[in-house]
Amino acid sequence: MSEQTTAATDPLIADYEGKIQRDNRTGFDGYVVPVELLISFVNRLKNERGYDYLSSITSVDYEQDGYFEVVYHLYRILGGESMTLKVRTGRETPQVPSLYHIFPGADLQEREVWDLMGIKFEGHPDLRRVLLWEGFYGHPLQKDWKEPYFEEEIKPFKSRWPEGEPSYAEDKNPFADNVQYPADFDPTKWRESSESRLYSSLQQAGASILESDESDKIIINLGPQHPSTHGVFRMVANIEGERIVGLKPAFGYLHRNHEKIGERNTFIQNIPFTDRLDYICSMSNNLGYVQAVEMLMGLQPPERAEYIRVIMAELTRVINHVFWIGFLLNDLGAFFTPSLYALEERELILDVFEEVSGSRMMCNYMRFGGVVRDISPEVLEKIRILVNDRLPRKLEDFERYLTNSEIIRARCEGIGILTQEEAIAYSASGPVLRASGVPYDIRRAEPYSIYDRFDFNVAYATHGDVYDRYLVRVQEVKESIKILKQAINDIPEGPYLAGKSQYQVRVPAGEAYGRIESPKGELGFYIVSNGKPNPWRYHVRAPSFINLTGLEKMCLGEKVADVVVILGSIDIVLGEVDR
Amino acid sequence: MNGWEIIRGLGVTLGHFFDTYLEDIRWKGKRYRTKEGIEGRRNASVRGAFTIQYPEEKLPVWEEFRYLPFLVYDISAEGEREIRCTACGICSKVCPPQCIWITRKKDPETGRPITKPEVFAIDVDICMNCGFCAEFCPFDAIKMDHEYEIASRSRDGNIYQLEKLLKSKDYYHSIRPNNSSREEKEKLEKEAEKLKKSESTV
Ligand code: SF4
Ligand code: SF4
């Protein structure tokens, strides 16, 4: 959190003559900015104070107070704490100015806020729904929105005990009163409009990059059912010959409104749900979430737990990157044989995960104040063998076969370039950002857990192309192995959980934005608690979702065949993108 | 670009292919469908084929492996089945997708609730295998099962009822020996302590 004593007397804020106030609710932080001053204030923060990285935009529905609050988290790319801004707007016609023209990285995030919370962003060039479809009625994160099968406001549901009566959800009539639709809705007259809006937005944006106008532009769809899209994901490309002149991602096919579910859940019930975000890296997701809640609770896990967490998080990074290398080859056309070799390493690490947590992928391993169970000396020994022998050996194999391979270099070098300025502007994070020459790693920039104790380097490269993203990931695996070696040597004996694990935790009122460097980038959890057993607001800043903002930029001018590789190089997981 | 990389790539696969046969020879035919063979293929020093040929071969699962929950019962001295569950409702409250339904038993005469479940149902279509129910049950009455081959032809019966959920303590011990021994020990210790306390107060 950003307890900035210096900023309180910052002349920049004094300039606004008391119009910009600190958020002085207990447990809250940052500044409340009037709607009309937002643009000017953000501009000055960016230009005069160096807050050049827009990490997250989200919104909270304070229903009882009658307003929505849009929350911005800004950072300096040079490192340090956040600047949190809040803008309030009435619930009747919610509208705030768009930051799109200051930070293009606001694009998808503002669309998400519009989609789920219904806040209009004035000046956003393409404010369409992003996760839901255009015909969807209502904005589900508003507190008074109820879904079909709506049972009760919050869990635990009263009907489960002591008078439980099980029934299949399908047996309930989905068209009963709980389905909302507009009063004047007539199904016979309704026409689907999202596709035409998507196509027209593409035509406007797609400026011709070829001089001549001889060849026609056509729009093609890649996906949603396509082996190269790593899930159900669609890219709508405007092409001129073989070249991309415009591209819009369309997704949400796997949307389940994780955040609404999370706000109904009690705090602890959210932990297994985070496993399902980025299902390759469930340990990291657990870590990000429990850390955010621990921030609110003021809980400090014991030493041993911190070490176990770091070990698990770094093993996850190894899994993710090795897996990614395999799938990069898949995208390059070496269908599945190389990725199956990469899966071997993953299998061995997943064995470790299964042994400690009970499940290979849906680990559900971390708890508030520690982890669910200790790791045994045998498991530690297994990890030791992996990091001292197996992983370095295999990584060397990968490097020998791939790093200088002609095919890889020919296909990846100079493809999908995102320059340094663009990467920052598009709020890219993780390996995508670092491959563009920005050595920004939250483990270093704002260390969490015990990362400040380990000796490791932040891997980065300077060209910002697909090949550099590959190099950064390979390097990162090496650094992870370095951290793992240190962690395994230093891990102390002791308790693995602070206190006793409880099924009802008391979380004091307040907000917290906990972020970690997940393998895919900056994974943030923004949580608002009102002291009740359920979070009032639960927002996930999903790295692979926000990294997609720069996809069009990377693809412009490239050939259709390379789009597949470029998408692969961002490393998306649809469980996290669609949430 | 002279195609050398393609040959090199194929070489990797070819090496893998031969490794597999060399390993097979080294194992003298014991590499497949034997316990050691399976362990040998999930080991950090494995060479060649890595895969387990399910369903002929099955990976042994770890003690902590979890799939669906089940209820544990003890056998009393009279040979009666004693359900451990007291219908306290903690598991149904903590369950994230809310797939546990419990009805408390009532005394047929007085109508007062008894601490035993009348209905205990888990919708296994909804269960997300998180293990919270087992983790937070204060009576060690619900535990996670190792059985994972539960495909069925129809959805009917996917709401598991009490009878289907009940499994003996011995079964529990057979799949989770360390956990069950530890719990038994803790129980005995607690009882001994209670005894001591009651003796000292007398
Ligand atoms: S299984 Fe355990 S937690 Fe659930 S109702 Fe029975 S005794 Fe309570
Ligand atoms: S394992 Fe989790 S989801 Fe399944 S019944 Fe238990 S608490 Fe519910």
Which of (1) more than 8 Å from chain A (Cβ to nearest Cβ); (2) part of a loop (DSSP other than H, G, I, E, B) is the odd one out, the single condition residue B:72 does not satisfy? (2)
So which pairs qualify, if the first residue must be in the range B:128-150 and in the same structural domain as residue B:94 (by TED's automatic domain parsing) and of a type in the set (A, V, I, L, M), the second must be part of a loop (DSSP other than H, G, I, E, B) and within 12 Å of ligand 1 (Cβ to nearest atom), the Cβ gap must be under 6 Å, and the two must be at least 6 apart or on different chains? B:141/B:84; B:141/B:85
Kindly indicate whether residue A:579 is surrounded by 20 or more Cβ atoms within 10 Å (Cβ to Cβ), in a strand (DSSP E or B) and either modelled with pLDDT under 90 or of a type in the set (Lys, Arg) (or both). no
Could you grab the pairs with beta carbons closer than 6 Å, sequence gap of 6+ or different chains, first residue in the range B:92-116 and in the same structural domain as residue B:127 (by TED's automatic domain parsing) and under 21 Å from residue A:156 (Cβ atoms), second one within 13 Å of ligand 1 (Cβ to nearest atom) and among the aromatic types (Phe, Trp, Tyr)? B:92/A:161; B:94/A:503; B:94/B:132; B:94/B:136; B:102/A:161; B:102/B:120
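Each row is one residue, and each column tells you yes or no for (1) surrounded by fewer than 22 Cβ atoms within 10 Å (Cβ to Cβ); (2) farther than 30 Å from residue A:300 by Cα; (3) of a type outside the set (A, V, I, L, M).
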residue	(1), (2), (3)
A:433	no, yes, no
A:443	yes, no, yes
A:449	yes, no, yes
A:467	no, yes, yes
Of B:152, B:92, which residue is over 23 Å from residue A:272 (Cα atoms) and among the polar types (S, T, N, Q)? B:152
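Is it the case that some residue within the range A:507-521 is over 30 Å from residue B:135 (Cβ atoms) and either at pLDDT 90 or above or out of contact with any strand residue (DSSP E or B) (no Cβ under 7 Å at 6 or more places or on another chain) (or both)?
Checking the range A:507-521: at least one residue is over 30 Å from residue B:135 (Cβ atoms) and either at pLDDT 90 or above or out of contact with any strand residue (DSSP E or B) (no Cβ under 7 Å at 6 or more places or on another chain) (or both).
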Would you pick out the residues in the range A:355-371 that are buried (at least 20 other Cβ atoms within 10 Å of the Cβ) and either in contact with a Ser or Thr (Cβ under 7 Å, 6 or more places away or on another chain) or of a type in the set (Asp, Glu) (or both)? A:362, A:363, A:364, A:365, A:367
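I'd like the full set of residues that are aromatic (Phe, Trp, Tyr) and more than 8 Å from every other protein chain (Cβ to nearest Cβ), limited to the range A:256-290. Even if it seems obvious, please write down each step before you answer.
As a first pass, look at the range A:256-290 and keep what is aromatic (Phe, Trp, Tyr): A:267, A:273, A:279, A:289.
Correct list: A:267, A:279, A:289.
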Anything in the range A:378-436 that is touching a residue at least 60 places away in the same chain (Cβ under 8 Å) and either outside the structural domain of residue A:459 (by TED's automatic domain parsing) or of a type in the set (Asp, Glu) (or both)? List them, or say none. A:399, A:422
Against the conditions (1) more than 21 Å from the chain's Cα centre (by Cα); (2) surrounded by fewer than 18 Cβ atoms within 10 Å (Cβ to Cβ), where does residue B:117 fall short? Just the number, please. (2)
With the checklist (1) more than 23 Å from the chain's Cα centre (by Cα); (2) β-branched (Val, Ile, Thr); (3) farther than 21 Å from residue A:509 by Cβ in hand, flag the one item residue A:77 doesn't pass. (1)
Could you tell me which numbered condition residue A:495 fails, if it satisfies all but one of (1) modelled with pLDDT of 90 or more; (2) farther than 29 Å from residue A:82 by Cα? (1)
Tell me the strands (runs of 3 or more DSSP E) entirely within the range B:76-127 that contain at least 2 residues that are within 12 Å of chain A (Cβ to nearest Cβ), more than 15 Å from ligand 2 (Cβ to nearest atom) and in contact with a helix residue (DSSP H, G or I) (Cβ under 6 Å, 6 or more places away or on another chain). none
Residue B:167 fails exactly one of (1) part of a helix (DSSP H, G or I); (2) over 19 Å from residue B:88 (Cβ atoms); (3) not hydroxyl-bearing (Ser, Thr, Tyr), namely (1)
Might you let me know whether the range B:177-187 holds any residue that is within 13 Å of ligand 1 (Cβ to nearest atom) and away from every other protein chain (no Cβ under 14 Å)? no
Among the residues of the range B:51-60, is any modelled with pLDDT of 85 or more, within 16 Å of ligand 1 (Cβ to nearest atom) and out of contact with any Asp or Glu (no Cβ under 6 Å at 6 or more places or on another chain)? no
Among the candidates B:123, B:140, single out the residue that is near ligand 1 (Cβ under 9 Å from one of its atoms) and charged (D, E, K, R). B:140
Does the range A:197-218 include one or more residues that are at pLDDT 75 or above, over 28 Å from residue A:545 (Cβ atoms), surrounded by fewer than 14 Cβ atoms within 10 Å (Cβ to Cβ) and within 30 Å of the chain's Cα centre (by Cα)? no
Residues in the range A:451-465 that are part of a helix (DSSP H, G or I) and either crowded, with 17+ Cβ neighbours inside 10 Å or at pLDDT 90 or above (or both) total 1
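The values are calculated or read from the model by the stated rules, or taken from the named source; none is laboratory data. On a predicted model such as this, the values are computed, not experimentally measured, just so you know. FYI the Cβ positions are ideal-geometry reconstructions off the backbone, even for glycines, and counts take in every protein chain you see.
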